[in-house]
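The values are calculated or read from the model by the stated rules, or taken from the named source; none is laboratory data. Quick caveat, the model's predicted, so the values are computed rather than measured. Neighbour counts run over all protein chains shown; Cβ positions are idealised from the backbone, glycine included.
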Amino acid sequence: MTDRTSSITTHNGKTSELPVLSGTHGPDVIDVRGLYKDTGNFTYDPGYATTASCKSAITFIDGDEGVLLYRGYPIEQLAEHSTYLEVCHLLMYGELPNKQEGQEFNEIIKQHTMVHENIRDFINGFRYDAHPMAMLVGTIGALSSFYHDSLDITNPKHREISAQRLIAKMPTIASYCYNHSRGLPFMYPDNNLSYVENFTRLMFAVPAEEFEPNPVAVKALELIMILHADHEQNASTSTVRLAGSSGANPFASIAAGVASLWGPAHGGANEACVNMLDAIVNSGETIEKTIARAKDKNDPFRLMGFGHRVYKNFDPRAKIIQKMCHDLLSELGGDTPMFNLARELEEATLADEYFIERKLYPNVDFYSGIIFRALDIPMNMFTVMFAMSRTVGWISHWMEMHEDPEGRIGRPRQIYTGAAKRDYPT
Ligand code: CMC
């Protein structure tokens, strides 16, 4: 932080000396908190594209350079050397665990993998054809009615236990949402397996048969989960912070994040992307026609899995996952027309002026959707997988927010454009 200021004179001739703040990396930030008091003006920034809503020490993104750091570590290095649970420890506590800390963290997470038996009944109460994301939003919110003993948000130990519970129970709940939608039995977690192996067993095993986790699937999922673990103040994380800023309990706050993630412009993009590819294959539409539609301003169609609010060079996660996606498709074969189309679309857009000018590249969800399809993960589970991976990011931000001495309830302003004050007709 510095003692520099920016002097701003507004249209009404008032001046405000606004402090300039600096972080470890990233552009300087003008602290506009005094602007209204000094000048009577608000700032207007729909979508918060130029507004820092908080200070955070968790994740840094440089969208122009394609940089993503978790607690200072480049995502490329974490993807190569880490496990997902190590990344969880890093995001939650600020440091990679040493061997003993890693083992202890593993043990704690394992202790919490089961859910209250009534949660199974709760999930069984959903309609047979409910979308797994609909069940997930409801069930995560419902956890606050089961775990009363860790709901005191002013108690750091309670906050930590709730965080551990959420990380540990997410694979169990995610798989139950899927199993319910398929009429399959709910498996209990197997704590002899790794976090990701256990998830594949919960999803795909049946009690009547032995289950051996598929190492190709486990490796791919572990990587995808690391890449999705956090992404600073994206829509769902900001939603978690906003919900949590009122003092809402952690389960309710994370449920709000799951709801925000569901939208196709955010975490729903992986499902929307594969839906789009399927629709193109089934309709027989050409790549040229598809791209022309995406460019046509009179057509609401957008290429799902392309573009990003922050990354205007490339999405470093997409670069990592692109290689895995290509390797996996060569290894597994599978849904050939759809995979061929994805490859052609990727090539065609990367060479197209419209996409180059606007810096629209395939994003992480383009590749993750295709990988999930190649691994036979059902389409309506794609966003659930994203939610499972991002839970640690959400809860780390929620914990950080509660430790921030500057934390206040989130309460944006507006430009009122409705009717001027008028009298009730009598
Ligand atoms: N297809 C066609 N045109 C696009 C696309 C697209 N996917 N994305 C942006 N554009 C155009 C847009 O029409 C606009 O053109 P113009 O300047 O001529 O008006 C320009 O690019 C800038 O778009 P924008 O909507 O102002 O950009 P944004 O930063 O508000 O939106 C986005 C970012 C990710 C919501 C958007 O690119 C999009 O809708 N992409 C498809 C959905 C998607 O893949 N979302 C996942 C994002 S990554 C994972 C995550 O964070 O959840």
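See the values below:
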{"quantity": "Helices (runs of 4 or more DSSP H) completely within region 298-369 that count 3 or more residues being more than 9 Å from the ligand (Cβ to nearest atom)", "calculated": "316-332, 336-350"}
{"quantity": "Candidate set: region 250-263, residues that are in a helix (DSSP H, G or I) and either modelled with pLDDT under 95 or more than 15 Å from the ligand (Cβ to nearest atom) (or both); chosen: the one surrounded by the most Cβ atoms within 10 Å (Cβ to Cβ)", "calculated": "ILE254"}
{"quantity": "Tally of residues being among the charged types (D, E, K, R) and buried (at least 20 other Cβ atoms within 10 Å of the Cβ) across region 264-292", "calculated": "1"}
{"quantity": "Subset of region 98-123 that is of a type in the set (Val, Ile, Thr) and assigned to a helix (DSSP H, G or I) - its residue that is surrounded by the fewest Cβ atoms within 10 Å (Cβ to Cβ)", "calculated": "ILE108"}
{"quantity": "Number of the condition not met by LYS295 [criteria: (1) within 24 Å of the chain's Cα centre (by Cα); (2) surrounded by fewer than 19 Cβ atoms within 10 Å (Cβ to Cβ); (3) near the ligand (Cβ under 9 Å from one of its atoms); (4) farther than 18 Å from VAL274 by Cβ]", "calculated": "(1)"}
{"quantity": "Single residue of region 48-67 satisfying the filter (in contact (Cβ under 8 Å) with a residue 40 or more places away in the chain and farther than 21 Å from ASP404 by Cβ) that is surrounded by the most Cβ atoms within 10 Å (Cβ to Cβ)", "calculated": "GLY66"}
{"quantity": "First in region 350-376 and closer than 18 Å to ASN340 by Cβ, second anywhere and more than 9 Å from the ligand (Cβ to nearest atom) and of a type in the set (S, T, N, Q), Cβ under 6 Å, 6 or more apart", "calculated": "TYR367/GLN322"}
{"quantity": "Residue match in region 213-220 (condition: charged (D, E, K, R) and surrounded by 18 or more Cβ atoms within 10 Å (Cβ to Cβ))", "calculated": "no"}
{"quantity": "Complete set of residues in region 311-349 that are surrounded by fewer than 16 Cβ atoms within 10 Å (Cβ to Cβ) and under 18 Å from GLY63 (Cβ atoms)", "calculated": "ASN313"}
{"quantity": "Only listed residue being in contact with a helix residue (DSSP H, G or I) (Cβ under 6 Å, 6 or more places away or on another chain) and not in a helix (DSSP H, G or I), chosen from MET135, MET187, MET203, MET170", "calculated": "MET187"}
{"quantity": "Check on SER194, within 21 Å of LYS110 (Cβ to Cβ), surrounded by fewer than 21 Cβ atoms within 10 Å (Cβ to Cβ) and touching a Leu at 6+ places or on another chain (Cβ under 9 Å)", "calculated": "yes"}
{"quantity": "Condition broken by CYS273, with the remaining ones in (1) in a loop (DSSP other than H, G, I, E, B); (2) within 16 Å of the ligand (Cβ to nearest atom); (3) of a type outside the set (Asp, Glu) satisfied", "calculated": "(1)"}
{"quantity": "Condition met for SER389 (under 30 Å from THR154 (Cα atoms), away from the ligand (no atom under 13 Å from the Cβ) and surrounded by 21 or more Cβ atoms within 10 Å (Cβ to Cβ))", "calculated": "no"}
{"quantity": "In region 49-107, the residues that are at pLDDT below 95 and either in contact with an Asp or Glu (Cβ under 8 Å, 6 or more places away or on another chain) or at positive phi (or both)", "calculated": "GLY66"}
{"quantity": "Wholly enclosed strands (runs of 3 or more DSSP E) of region 1-97 bearing at least 1 residues over 26 Å from the mean Cα position of the chain (by Cα)", "calculated": "5-9, 15-21"}
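For every residue, the table says whether it meets (1) aliphatic (A, V, I, L, M); (2) in contact (Cβ under 8 Å) with a residue 60 or more places away in the chain.
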{"position": "PRO185", "(1), (2)": "no, no"}
{"position": "TYR188", "(1), (2)": "no, yes"}
{"position": "ASN192", "(1), (2)": "no, no"}
{"position": "PHE199", "(1), (2)": "no, yes"}
{"position": "PRO207", "(1), (2)": "no, no"}
{"position": "GLU212", "(1), (2)": "no, no"}
{"position": "VAL218", "(1), (2)": "yes, no"}
{"position": "GLU232", "(1), (2)": "no, yes"}
{"position": "THR239", "(1), (2)": "no, no"}
